[in-house]
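Enquirer: The structure under discussion is supplied below as structure tokens; questions concerning it will follow.
The values are calculated or read from the model by the stated rules, or taken from the named source; none is laboratory data. Model, not experiment: these values are computed from the prediction. Cβ sites come from the backbone with ideal geometry, for glycine too, and all protein chains shown count toward neighbours.
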Amino acid sequence: MTPSSSSFSAPRRAIWATLAAFFLALAVEANGGRYAPVGMVWLSLAMGAALLAAFAPVWVPNSRRALHFVLAACATIFAALWLVPDGGEAGWGGFALALAACALGAALVGRLSRFPALGRALFPLFLFLHAAMGISTLVQARHDEKTSTQLRFGVRNDVQIFAQEGARLLSVGQNPYSVRMPNVMGADLPFYFAGATGKDGKLPFGYPYLPLSLYFSLPGHWLGDFRFAHVFALAGAAWFLATARPSSTSQLAATLFLLFPPTIFVLLLSWIEPVTLFFLGATLWCAFRAPRWLFLALGCLLASKQYTVFLLALLPLLVPEKARWRTVLWQSLGVAAALTLPLALWDWPGFSRSVLEIQFKQPFRADSLSYLVTVFNATGQQLSPVWGFAALLAGLALGLRRAPRDASGWCSAGAVAYLGFFAFNKQAFANYYFWPFALLVGAVAIALPATAEESA
């Protein structure tokens, strides 16, 4: 049985999920994904809306038209934020002009979409232009990085050097987990645990992510910049979201996904979330379009980043049939193991030190977008990240008990769990919140089937 959001309240759930994604994006946008009081207000609103989306969709219209209005309004505001990032020098006046221009553009697109041929072409055209802009931005960025006298090793941050060196080492047959990565951030800055940087300026670990993210980045590395693969990943994720359960709703949701305001920031700083989002989209696409291959997409998702393993707890929502979800569970774990173990077993101590141990040694960051920072600022006390795991487990348990048993419920319950996990943890930044944002948008994209008119 293909998973579907059959609940009578599907439009209400999708509206709340859209609002949660919108509030979450504003939380990240408030201070570039770092701590800010206004960011915490938006984050709190996002968590409340996500809870309503997953467990108690009330107080909003239960109509597709209302959902489309909310999606279009949020996408229009996101587009204006792209035109005037962080307010720029233009301030609120400039943002108002950008918003008016984007509203006119949205109205024009709405008119054009009434023509069947044009309507079918609009989203692919936008997807192409978005990817082309991403590639162009990275080409210019790489030139600037290579010619800059301010950047150590010609990179913007540590994640970039990790991925760049990892791809280079793998390309020449060396294990990226067996080396010590250089510290390009400065030994006197609080990015790593005390004493992490050696006298030679290197860190005591290699590539700190799972192998699949490195495999995925190799084609981009061979073309001149591994981040090109991340542009492809975001475009692929959006295509999967738009076509998993194709409708005007799914295309609007995929458009909202592409307009996530910090997207260029995420690409420039080389965070690997685009790879994870690609496989999230592939998982949802297989759930509806190719169920026999669901285990493969889900296995790749599990192998893309460490924290995705928690989604397995919600597998009975994605695959409601008990006999089948157990099969999918073991098959997906087999895929994840096949993708991970070759490099891991090549140098298990190096892999364990780089991928597992380092996660528990990372320090508390007072610039995190987290309630732990709020408590720290108010009392001077650093709470344990155990609070994050408690919020995660509570979200997973509530999801299993109360969320709809379909793919949309899987996404919305996952978003609640991960929002709690990050919001009560010792580190939480823009790239962290890109993951629950994508889960929320994914829940919207697959919430409703196409109308009879769209299916004709």
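Enquirer: Quick check, is Ala103 in contact with a Ser or Thr (Cβ under 6 Å, 6 or more places away or on another chain), in a helix (DSSP H, G or I), surrounded by 14 or more Cβ atoms within 10 Å (Cβ to Cβ) and small (Gly, Ala, Ser)?
Expert: yes
Enquirer: A follow-up question, please. So for the stretch 190-203 (the condition being over 30 Å from Ala75 (Cα atoms), of a type in the set (Ser, Thr, Tyr) and in contact (Cβ under 8 Å) with a residue 40 or more places away in the chain), does at least one residue qualify? Steps first, answer last, please.
Expert: Residues of the stretch 190-203 over 30 Å from Ala75 (Cα atoms): 190-203.
Filter once more, keeping what is of a type in the set (Ser, Thr, Tyr): 192, 197.
Restricting the remaining residues to those that are in contact (Cβ under 8 Å) with a residue 40 or more places away in the chain gives 192.
The answer is yes; a qualifying residue exists.
Enquirer: Here is a further query. Between Ala141, Ala132, Ala238, Ala187, which is of a type in the set (A, V, I, L, M, F, W, C), surrounded by 14 or more Cβ atoms within 10 Å (Cβ to Cβ) and at pLDDT 95 or above?
Expert: Working: Ala141 fails: at pLDDT 95 or above; Ala132 fails: surrounded by 14 or more Cβ atoms within 10 Å (Cβ to Cβ); Ala187 fails: at pLDDT 95 or above.
Going through Ala141, Ala132, Ala238, Ala187 in turn, just one is of a type in the set (A, V, I, L, M, F, W, C), surrounded by 14 or more Cβ atoms within 10 Å (Cβ to Cβ) and at pLDDT 95 or above: Ala238.
Enquirer: Could you list, in sequence order, the residues of the stretch 378-405 that are touching a residue at least 60 places away in the same chain (Cβ under 8 Å) and surrounded by fewer than 24 Cβ atoms within 10 Å (Cβ to Cβ)? Working first, answer last.
Expert: Here is the first cut: in the stretch 378-405, the residues touching a residue at least 60 places away in the same chain (Cβ under 8 Å) are 392, 396, 398-400, 402-405.
The answer is Leu392, Leu396, Leu398, Leu400, Arg402, Arg405.
Enquirer: Then there's this: How many residues, within the stretch 316-337, are free of Cβ contacts under 8 Å to residues at least 40 places away in the same chain and closer than 16 Å to Leu302 by Cα?
Expert: Count: 12.
Enquirer: Let me ask you something else. Identify the residue in the stretch 290-309 that is over 15 Å from the mean Cα position of the chain (by Cα) and among the aromatic types (Phe, Trp, Tyr) and, among all such residues, is farthest from Ala163 (Cα to Cα).
Expert: Among those that are over 15 Å from the mean Cα position of the chain (by Cα) and among the aromatic types (Phe, Trp, Tyr), it is Trp293.
Enquirer: Can you name the condition, by its number, that Phe193 falls short on among (1) over 13 Å from the mean Cα position of the chain (by Cα); (2) in a helix (DSSP H, G or I); (3) within 30 Å of Ala30 (Cβ to Cβ)?
Expert: Here Phe193 clears every test but (2).
Enquirer: Tally time: how many residues in the stretch 146-176 are acidic (Asp, Glu) and within 15 Å of Phe265 (Cα to Cα)?
Expert: Count: 1.
Enquirer: Still on this structure: Identify the residue in the stretch 148-184 that is among the small types (Gly, Ala, Ser) and farther than 24 Å from Ala344 by Cβ and, among all such residues, is surrounded by the fewest Cβ atoms within 10 Å (Cβ to Cβ).
Expert: Among them, the one singled out is Ser148.
Enquirer: Something else about it: Within the stretch 345-377, which residues are farther than 30 Å from Leu214 by Cβ and either in contact (Cβ under 8 Å) with a residue 24 or more places away in the chain or surrounded by fewer than 15 Cβ atoms within 10 Å (Cβ to Cβ) (or both)?
Expert: Ala366, Tyr371, Leu372, Val373, Thr374, Asn377
Enquirer: At least 1 residues that are modelled with pLDDT of 95 or more and not hydrophobic (A, V, I, L, M, F, W, C) in each: list the helices (runs of 4 or more DSSP H) lying fully within the stretch 350-430 that qualify.
Expert: 371-379, 386-402, 407-423
Enquirer: From (1) within 15 Å of the chain's Cα centre (by Cα); (2) part of a loop (DSSP other than H, G, I, E, B), pick out the condition that doesn't hold for Phe232.
Expert: Answer for Phe232: the failing condition is (2).
Enquirer: Can I ask one more? Where in the stretch 244-328 are the helices (runs of 4 or more DSSP H), entirely inside, with at least 1 residues that are at pLDDT below 95, touching a Leu at 6+ places or on another chain (Cβ under 9 Å) and under 30 Å from His143 (Cα atoms)?
Expert: Values: elements: 248-258, 263-268, 273-289, 294-302, 315-318.
By residue number, 263-268.
Enquirer: Wholly within the stretch 1-97, which helices (runs of 4 or more DSSP H) include no fewer than the required count, namely at least 2 residues that are touching a Leu at 6+ places or on another chain (Cβ under 7 Å), farther than 26 Å from Leu398 by Cα and modelled with pLDDT under 95?
Expert: Details: elements: 10-29, 37-55, 64-83.
Of the helices (runs of 4 or more DSSP H) lying wholly inside the stretch 1-97, those with at least 2 residues that are touching a Leu at 6+ places or on another chain (Cβ under 7 Å), farther than 26 Å from Leu398 by Cα and modelled with pLDDT under 95 span 64-83.
Enquirer: Can you tell me which residues in the stretch 43-67 are more than 20 Å from Asp406 (Cβ to Cβ) and buried (at least 20 other Cβ atoms within 10 Å of the Cβ)?
Expert: Within the stretch 43-67, Leu43, Ala46, Met47 meet the criteria.
Enquirer: Among Arg111, Arg142, which is basic (Lys, Arg) and touching a residue at least 60 places away in the same chain (Cβ under 8 Å)? Even if it seems obvious, please write down each step before you answer.
Expert: Values: Arg111 fails: touching a residue at least 60 places away in the same chain (Cβ under 8 Å).
It is Arg142.
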